[in-house]
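K.L.:
The structure under discussion is supplied below as structure tokens; questions concerning it will follow.
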Amino acid sequence: MAAKKGGIGDVIGRWAFLIGVILAIIFAFATLNKGVIWALVVIGIIIGLLNIAVHEAQTFMLAGAVLVIVAALGGNVVPAGFLANFLKNMLLLFVPATIIVTLKTLWALAKEK
């Protein structure tokens with residue numbers, strides 16, 4: 001998933017992704033506090049910075065955009081509870097990751113010109 005397979009960034013990125021999804025599931029059972037919200041956002045930023053290489057960006061951005069749209073719309077449709085909380089947590093995780101990957105891609109495109 002990362003540009004340098006087996007590097008420290010690859011390991012951190014993979015763990016950040018796994019930990020982020022696990023935390024999104026765990027904290028779907030509880031009311032979020034500011035600490036949890038910031039933890040998910042920071043993990044999302046780490047995922048975007050370390051886990052997605054430029055050659056994987058298009059696929060990630062498409063999947064991330066679909067996930068963000070579905071989670072946002074689904075969170076408004078399903079009744080309050082585990083599923084609604086899980087979808088909100090996924091937004092907290094993947095919105096920053098998708099923004100970071102988009103910015104990295106735009107930067108790479110700007111450097112080519």
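Bear in mind these aren't lab numbers, they're just calculated from the coordinates by the rules spelled out. These numbers were taken from a predicted model, which means no experiment stands behind them. All Cβ positions, glycine included, derive from the backbone under ideal geometry; neighbour counts span all protein chains shown.
K.L.:
Which residue, of Leu18, Leu49, Leu73, Leu32, is surrounded by 14 or more Cβ atoms within 10 Å (Cβ to Cβ) and more than 13 Å from Ile99 (Cα to Cα)?
P.N.:
Only one candidate qualifies: Leu32.
K.L.:
Looking only at the stretch 71-102, how many residues end up being without any contact (Cβ under 8 Å) to a residue 12 or more places away in the chain, assigned to a helix (DSSP H, G or I) and not polar (S, T, N, Q)?
P.N.:
Of the residues in the stretch 71-102, 3 are without any contact (Cβ under 8 Å) to a residue 12 or more places away in the chain, assigned to a helix (DSSP H, G or I) and not polar (S, T, N, Q).
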